[in-house]
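Have a look at the structure below before the remarks.
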Amino acid sequence: MVQTLNYARLHSRALIALGGPDWRDFLHNLISQNVETLAAGEIRFGALLTPQGKVLYDLFLIGREDGCWLDVAAAQRDVILQRLMIYRLRAKVTIEPVEAEVAVLFGEAGPPGQGWLADPRLADLGWRGYGQAAPQGATARDEAEYAAFARSLGVPGPADWGIEQTYPIEANFDLLNGIDFKKGCFVGQETTSRMKRRGTVKTRFLPISVEGEPPAPGAEVLAGELRAGQVLSGADGLAMASLRLDRIEGADLTVDDRPVQVVRPDWFERALA
């Protein structure tokens, strides 16, 4: 079997650099991920939440010798910069944009070599690179193809959770290494920890399969006459949906009068076992 390696430039992502003597404590107290133990050359996944515990911005942290880089949504980078500046107060932290390309490698081949970092959410997602050229022999893909690949693995993205709409546990951040529940306080920590501790997570993001064109975002998922969720994004017969777990078990689900099936990824089942 011929193994393939695909390269995609992520135009939707951009970088912010943090440095200075206080950068680690400053960031550790803000985001859902542990920053105190982040080593140079390591990558972690996390989020900046609202005080009420909903996802503001997802991010990847890339440890560097003199600080870290944040891999964030390009459309939100200026807003994130401004918010970090507000939080900075008297902390000795430098915060500035970085003009380097964000790219991914994905497929059956690998690992690709030095400079590429394994995606911390799920090994099957491949690798992320910053300012890295495509390896020799890699096939060029566009960002939509990578998004479809991630969706086929059951991994949601920013188009699914939006801004100030979703609790991170609903979007499976806890199952995809996006929340460190042992790190102590961060913005939105109280609500996030309470949901996990009490086991009150009624809604999760999961893929649904449907024949033909994917339903439009916002389309209702019905279990009989009961509302069981809504479609978030989709393409090529597979959509991501926000689903009520207590209403989908054993139910015949429909969207726009078409039957749909819930696809439960292996990693999802293992994480909840």
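Derivation of every value follows stated rules applied to the coordinates shown; laboratory data play no part. Given the structure is predicted, the values throughout are model-derived calculations rather than measurements. Cβ atoms come from the backbone with ideal geometry, glycine included; neighbour counts cover every protein chain shown.
If you plug the beta carbon distance of Ala91 and Leu272 into 1/(1 + (r/R0)^6) with R0 = 35 Å, you get a FRET efficiency near 0.40. For the pair the stretch 128-164 and the stretch 207-271, the centres of their Cα atoms are 22 angstrom apart.
By counting other Cβ atoms within 10 Å of each Cβ, how are Cys68, Cys185 ranked from fewest to most?
Result, fewest neighbours first: Cys185, Cys68.
Here Thr166, Thr191 are placed in order of increasing Cβ neighbour count within 10 Å, fewest first, which gives Thr191, Thr166. Loop-located GluC sites (Glu not before Pro) in the stretch 1-88 (DSSP state other than H, G, I, E, B) with a sparse environment of at most 10 neighbouring Cβ atoms within 10 Å: Glu65.
In the stretch 5-141, the DSSP beta bridges split such that about 90 percent are antiparallel, to the nearest 5.
Only aspartates and glutamates eight or more places from Lys196 in sequence, or on another chain, were considered; those with a Cα closer than 15 Å are Glu170, Asp174, Asp180.
Rounded to the nearest whole Hz, the Karplus-based 3J(HN,Hα) values (6.51 cos²θ - 1.76 cosθ + 1.60, θ = phi - 60°) of the stretch 9-22 follow the sequence 7, 9, 5, 7, 10, 8, 10, 10, 9, 10, x, x, x, 9, with x at glycine and proline.
Modelled spin-label separation between Asp252 and Phe181, with each label point placed 7 Å from Cα along the Cα-to-Cβ direction: 3.8 nm. Annotation: extensible slack from Ala159 through Thr139 equals 4.7 nm (criterion: 0.36 nm per residue apart, minus Cα-Cα distance). 3J(HN,Hα) couplings calculated from phi for the stretch 244-253 with the Karplus curve 6.51 cos²θ - 1.76 cosθ + 1.60 (θ = phi - 60°) are, in sequence order, 6, 4, 6, 10, 9, 5, x, 8, 8, 9 Hz; Gly and Pro show x. Computed from the Cβ-Cβ distance with R0 of 35 Å, the FRET efficiency linking Glu225 to Arg194 stands at 0.65. For Ser12 and Arg83, the FRET efficiency from 1/(1 + (r/R0)^6), where r spans their Cβ atoms and R0 equals 25 Å, is about 0.85.
Given Cβ point charges of +1 (Lys, Arg) and -1 (Asp, Glu) and nothing else, what value in debye, to the nearest 20, does the dipole of the chain about its Cα centre take? Don't jump to the answer; show the numbers that get you there.
Details: 29 positive and 36 negative charges, 212 e Å.
The dipole magnitude comes to about 1020 debye.
Put in order of Cβ neighbour count within 10 Å, fewest first, the listed residues Ser242, Ser193 become Ser193, Ser242. For the stretch 91-104, the Karplus equation 6.51 cos²θ - 1.76 cosθ + 1.60, evaluated at θ = phi - 60°, returns couplings of 5, 7, 9, 9, 9, 7, x, 10, 9, 10, 6, 9, 9, 10 Hz by residue, with Gly and Pro reported as x.
Suppose only helical runs count, i.e. DSSP H with n ≥ 4. What mean residue ellipticity at 222 nm does that imply for the chain under -39500 (n - 2.57) per run, divided by all residues and rounded to the nearest 500 deg cm²/dmol? All intermediate terms of the calculation are to be shown ahead of the outcome.
Values: 7 runs with 53 residues, N = 273.
When only DSSP H runs of four or more count, the value is -5000 deg cm²/dmol.
Charge dipole (Cα centre; +1 on Lys/Arg Cβ, -1 on Asp/Glu Cβ; no other charges) of the stretch 5-141 amounts to roughly 340 debye. In terms of its C-alpha gyration tensor, the chain has an oblate overall shape, because the principal axis ratio a/c (a ≥ b ≥ c, square roots of the eigenvalues) is not below 1.5 and a/b does not outweigh b/c. Within the chain, DSSP assigns beta bridges of which about 95% are antiparallel (rounded to the nearest 5).
Report the local net charge at Ser152: Lys and Arg +1, Asp and Glu -1, summed over other residues whose C-beta lies under 13 Å from its C-beta. Present the calculation step by step, with values, prior to reporting the outcome.
Values: positive: Arg151; negative: Asp124, Glu145, Asp236, Asp266.
That sum, taken over residues with Cβ under 13 Å, equals -3.
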